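Notes for the one structure printed next.
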Amino acid sequence: MGLAVLENQVGILCVICMVLLLPAVCTSHDISTYSSRATYYGSHNSHASPSGACGFGEFGKTVNDGSVTGVSTLYRNGAGCGACYRVKCTSSQYCSERGVDVVVTDHGGGDKTDFILSYEAYARLARRGSEGAKELFSRGVIDIEYQRISCRYPGHNVMFKIHEQSRYPNYLAIAVIYAAGINDITAVQLCQEDCKQWRGMRKFFGAVWDMSNSVPSGPIKVRFQVGGSKWVESENNLPASWNAGDAYDSNIQL
């Protein structure tokens, strides 16, 4: 009888432990949701500005089918460039449940908004087949909820875009594009092909890193820091004769 009671108590204890631990397991990978406001810029025939504060150039104009955004506090002195967010407006009458996924390409704010969406992205907040888009545009500023999500670029490797201000061979500025995942790029380093010593690039502005003193010659090895700790090295070098405005394939994915 005593043994049966003990086994019963052990069973109850196990159930209690599972109940207590289950929420931690289920929520450990949850993405936090925040409330804010959003507005839009441009018109139906316009696209994001290639001269945005992130320095992505034409990439910032066409990436994600034009569903891009400028952000205010989420810009984080350029560390937020390239981050992806799922944005939903909160009016059940006009807004879709899915919302829209956007890529940060610019900096801006106003009227207590965290997001300034491209015209295309703003329109995609509305329910299809309704007057929702017309209503959202008439309001101009709307209440939203947003989450940081993992960026996805099917068919694309990470690439290094040579900023247009670069001047071969003495001044090199690059931006990392098509960086999938949910981590920020926190540092970029270069090394000559023999790689005796890695040298750090300076954070120039937005997503752009530069080097103006003794740029490595010949094919250049590139590596970048993801999330503040992990270093990832490109499988392909920047060519010895790199060109401003061009983008070079790293042959890796995140």
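Count, please, the residues in the range 141-157 that happen to be touching a strand residue (DSSP E or B) at 6+ places or on another chain (Cβ under 6 Å) and either in a loop (DSSP other than H, G, I, E, B) or on the phi > 0 side of the Ramachandran plot (or both).
3
So, Lys196, is that one of a type in the set (Lys, Arg) and either open to solvent by less than 40 Å² (accessible area, probe 1.4 Å) or within 17 Å of the chain's Cα centre (by Cα) (or both) or not?
Against the criterion (of a type in the set (Lys, Arg) and either open to solvent by less than 40 Å² (accessible area, probe 1.4 Å) or within 17 Å of the chain's Cα centre (by Cα) (or both)), Lys196 does not qualify.
Would you confirm whether any residue within the range 201-214 is without any contact (Cβ under 8 Å) to a residue 40 or more places away in the chain and over 24 Å from the mean Cα position of the chain (by Cα)?
Yes, the conditions are met somewhere in the range 201-214.
State whether one or more residues within the range 221-229 are modelled with pLDDT under 95 and crowded, with 17+ Cβ neighbours inside 10 Å.
yes
If you go through the range 52-95, how many residues are small (Gly, Ala, Ser), open to solvent by 10 Å² or more (accessible area, probe 1.4 Å) and without any contact (Cβ under 8 Å) to a residue 60 or more places away in the chain?
3
Going through Phe56, Phe160 one at a time, which residue ends up being under 25 Å from Val232 (Cα atoms), touching a helix residue (DSSP H, G or I) at 6+ places or on another chain (Cβ under 8 Å) and of a type outside the set (Gly, Ala, Ser)?
Just a single option satisfies the conditions, and that option is Phe56.
Inspect all residues belonging to the range 179-188 and state whether any of them is open to solvent by 40 Å² or more (accessible area, probe 1.4 Å) and under 15 Å from Asn236 (Cβ atoms).
no
Per-residue answers, yes or no, for (1) among the hydroxyl-bearing types (Ser, Thr, Tyr); (2) at pLDDT below 85:
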residue: Ile31; (1), (2): no, yes
residue: Tyr34; (1), (2): yes, no
residue: Ala38; (1), (2): no, no
residue: Ser43; (1), (2): yes, yes
residue: His47; (1), (2): no, yes
residue: Ser51; (1), (2): yes, yes
residue: Gly55; (1), (2): no, no
residue: Phe59; (1), (2): no, no
residue: Val63; (1), (2): no, no
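Sort out which residues of the range 169-178 are over 23 Å from the mean Cα position of the chain (by Cα) and either open to solvent by 50 Å² or more (accessible area, probe 1.4 Å) or under 27 Å from Ile31 (Cα atoms) (or both), and write them in order of number.
Pro169, Asn170
Just to be sure before I move on: is Ala244 surrounded by 13 or more Cβ atoms within 10 Å (Cβ to Cβ), small (Gly, Ala, Ser) and part of a loop (DSSP other than H, G, I, E, B) in the structure I sent?
Yes: the conditions hold for Ala244.
State which residue is nearest to Asn251 (Cα to Cα) when the search covers only the range 158-174 and only residues that are of a type in the set (Phe, Trp, Tyr) and in a strand (DSSP E or B). Steps first, please.
So in the range 158-174, the residues of a type in the set (Phe, Trp, Tyr) come out as 160, 168, 171.
Then keep just the ones that are in a strand (DSSP E or B); that gives 160, 171.
Numbers: Phe160: 11, Tyr171: 24 Å.
Here the answer is Phe160.
Which residues, counting only those in the range 111-134, are surrounded by fewer than 16 Cβ atoms within 10 Å (Cβ to Cβ), farther than 29 Å from Gly227 by Cα and touching a residue at least 24 places away in the same chain (Cβ under 8 Å)?
Matches in the range 111-134: Asp111, Arg128, Ser130, Glu131.
Across the range 135-168, which residue is farthest from Tyr75 (Cα to Cα) among those that are hydrophobic (A, V, I, L, M, F, W, C) and either touching a Pro at 6+ places or on another chain (Cβ under 6 Å) or open to solvent by less than 30 Å² (accessible area, probe 1.4 Å) (or both)? Outline the logic, then answer.
Step one: list which residues in the range 135-168 are hydrophobic (A, V, I, L, M, F, W, C), which gives 136-137, 141-142, 144, 149, 151, 158-160, 162.
Checking which are either touching a Pro at 6+ places or on another chain (Cβ under 6 Å) or open to solvent by less than 30 Å² (accessible area, probe 1.4 Å) (or both) leaves us with 136, 142, 144, 149, 151, 158, 160, 162.
Details: Leu136: 24, Ile142: 20, Ile144: 18, Ile149: 15, Cys151: 16, Val158: 21, Phe160: 21, Ile162: 21 Å.
Across the range 135-168, the extreme among qualifying residues is Leu136.
Regarding the range 61-78, can at least one residue be identified that is in contact with a Pro (Cβ under 7 Å, 6 or more places away or on another chain) and not polar (S, T, N, Q)? Working first, answer last.
Step one: list which residues in the range 61-78 are in contact with a Pro (Cβ under 7 Å, 6 or more places away or on another chain), which gives 61.
Still in the running and not polar (S, T, N, Q): 61.
Within the range 61-78, one or more residues are in contact with a Pro (Cβ under 7 Å, 6 or more places away or on another chain) and not polar (S, T, N, Q).
Out of curiosity, is Lys203 within 22 Å of Thr105 (Cβ to Cβ) and open to solvent by 50 Å² or more (accessible area, probe 1.4 Å)?
Yes; evaluated as a whole, the condition is true for this residue.
The values are calculated or read from the model by the stated rules, or taken from the named source; none is laboratory data. Computed from a predicted structure; not experimentally measured. We place every Cβ from the backbone using ideal geometry, glycine too, and count neighbours over all the protein chains shown. Side chains included, ligands, DNA and RNA excluded: accessible areas come from the protein's heavy atoms. Shrake-Rupley method; radii C 1.70, N 1.55, O 1.52, S 1.80 Å.
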